[in-house]
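Peer 1: Below you'll find the structure I mean.
The values are calculated or read from the model by the stated rules, or taken from the named source; none is laboratory data. Computed from a predicted model, the values in this text were never measured in an experiment. All Cβ positions, glycine included, derive from the backbone under ideal geometry; neighbour counts span all protein chains shown. Accessible surface areas use protein heavy atoms only, side chains included; no ligands, DNA or RNA. Shrake-Rupley method; radii C 1.70, N 1.55, O 1.52, S 1.80 Å.
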Amino acid sequence: MLFIFILVIESLTAEECSVKHDPNITSFDQIQNKPSINFNGTVKLSISTSSSYSRILPLPNGDLVRGSFGNSIEIWDLQKGIVKRNLTSSYTHPYVFGLLSNGDLVAGYLANKTILVWDLKKTDGQSLKKIIETDETFMCLTVLKNDDLAIGQTFDDHPSNLYHIVIRNSQTGLIKKNLDGHTFVVNQIIELPNGNLVSCSADNTIKVWNITNGAVIKSINQKMSANSITFLQNGYLVSDFDAGSIGIWNLETNQLIRNLTGHSYGICWNNCLNVLTNGDLLSASYDKTIKVWNPSDGTVKFSSQSHKSSICQLAVLPSGNIISSSDRELIVWN
């Protein structure tokens, strides 16, 4: 059975952890500068890929970044469904990606524990801008509002790292802070409006962090790995939990408000939960399906099994279209 928990972030304190305290904020998507996200369940474009699943990142111009197990980052033209450009280096397995405020691409190379910064505006072969050597084993990467990098880690040969979240200055490459608390793989990190962070982990916890002092404000224990998180428009935090249900939780009291059921297998661990402009919840699973939920009453409004293999990631294009990625294909949805 697969659980998705929806946890409420309302009253830890207005200063420490609140999505709703700013009257000018009407949805969490506005905080993250996301476009209006709509989904009608029909396929706009399906692209077969020649290699196994790699992480993707939409670019502001509508192109798509896709990693590889080799030395190249693919830049896809989604209008034509082709690779238009490769960013090639001597580093191996570009695995996590983010965009700085100036449009530069940040890529973490798993095999080398190295971050490369690419100037995407340059097309003359001189686009590599910066090399940052690290000790991190990258699992997830979030570019914060101040352009710092929040790095979550995966399996490592050095248990002393304790899977802490590392905050690095993207300009100098220096570590500004370690957030210590997770004991296993960190799957996703989200920044709150006040700069604090929320992370989910394979150690079965979701943690809220004070970014100023690095302290854990709140920790929620789950039965199984927390793979993906997102925020509803009312400030509720959504997280997968176990196999087969979605739950609504009050983060302050840890009270389960509602159980929802649907997926037959786990939610994938690459941003596989999103909120549509109308407030519905979109989820993707290793059971090959994408579902749209009414989070108020828990009903499934739509379910699609267009993917031939397990879905591994969701992302939002600048147009507001959802793109889903599986082992052998990319699907752009209307």
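Matching residues to (1) among the small types (Gly, Ala, Ser); (2) buried (at least 20 other Cβ atoms within 10 Å of the Cβ); (3) in contact (Cβ under 8 Å) with a residue 40 or more places away in the chain:
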| residue | (1), (2), (3) |
| --- | --- |
| 271 | no, yes, yes |
| 298 | yes, no, yes |
| 301 | no, no, no |
| 327 | no, no, yes |
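Peer 1: Let me ask you something else. Among the candidates 327, 297, which residue alone is out of contact with any strand residue (DSSP E or B) (no Cβ under 8 Å at 6 or more places or on another chain) and among the charged types (D, E, K, R)? Spell out the reasoning first.
Peer 2: Values: 327 fails: out of contact with any strand residue (DSSP E or B) (no Cβ under 8 Å at 6 or more places or on another chain).
Every option except 297 fails the conditions.
Peer 1: Report yes if some residue within the range 81-88 is part of a loop (DSSP other than H, G, I, E, B), at pLDDT 95 or above, more than 13 Å from residue 317 (Cα to Cα) and in contact with a Phe, Trp or Tyr (Cβ under 7 Å, 6 or more places away or on another chain); otherwise report no.
Peer 2: We begin by selecting, within the range 81-88, every residue part of a loop (DSSP other than H, G, I, E, B); these are 81.
Filter once more, so that each one left must be at pLDDT 95 or above: none.
No, that holds for no residue.
Peer 1: Among the residues of the range 72-95, write down those that are closer than 15 Å to residue 123 by Cβ, open to solvent by less than 50 Å² (accessible area, probe 1.4 Å) and aliphatic (A, V, I, L, M).
Peer 2: 73, 75, 87
Peer 1: Another question, then. If I ask for residues that are under 16 Å from residue 68 (Cβ atoms) and assigned to a loop (DSSP other than H, G, I, E, B), which ones from the range 101-134 would you list?
Peer 2: 110, 111, 112
Peer 1: Every residue in the range 54-87 that is of a type in the set (Phe, Trp, Tyr) and over 15 Å from residue 324 (Cα atoms), please. Working first, answer last.
Peer 2: Within the range 54-87, the subset of a type in the set (Phe, Trp, Tyr) is 69, 76.
Result: 69, single match.
Peer 1: A further question on this structure: Does the range 155-173 hold any residues that are at pLDDT 95 or above, in contact with a strand residue (DSSP E or B) (Cβ under 7 Å, 6 or more places away or on another chain) and not in a strand (DSSP E or B), and which are they?
Peer 2: Taking the range 155-173 first, the residues at pLDDT 95 or above are 165-173.
The next check asks that each one be in contact with a strand residue (DSSP E or B) (Cβ under 7 Å, 6 or more places away or on another chain); those that pass are 165-170, 173.
169, 170, 173, listed by residue number.
Peer 1: While we're looking at this one, here's another question. Can you find, within the range 9-61, the residue that is modelled with the highest pLDDT among those that are basic (Lys, Arg) and open to solvent by 30 Å² or more (accessible area, probe 1.4 Å)?
Peer 2: This residue is 44.
Peer 1: Keeping to the range 110-141, report how many residues are within 22 Å of residue 312 (Cβ to Cβ) and touching a residue at least 24 places away in the same chain (Cβ under 8 Å).
Peer 2: At the first step, the residues of the range 110-141 found to be within 22 Å of residue 312 (Cβ to Cβ) are 110-111, 136-141.
Then drop every residue that is not touching a residue at least 24 places away in the same chain (Cβ under 8 Å), which leaves 110, 136-141.
Residues that pass the stated criteria total 7.
Peer 1: Is it the case that some residue within the range 49-72 is in a strand (DSSP E or B), free of Cβ contacts under 8 Å to residues at least 40 places away in the same chain and farther than 23 Å from residue 269 by Cβ?
Peer 2: Scanning the range 49-72, I find at least one residue that is in a strand (DSSP E or B), free of Cβ contacts under 8 Å to residues at least 40 places away in the same chain and farther than 23 Å from residue 269 by Cβ, so the answer is yes.
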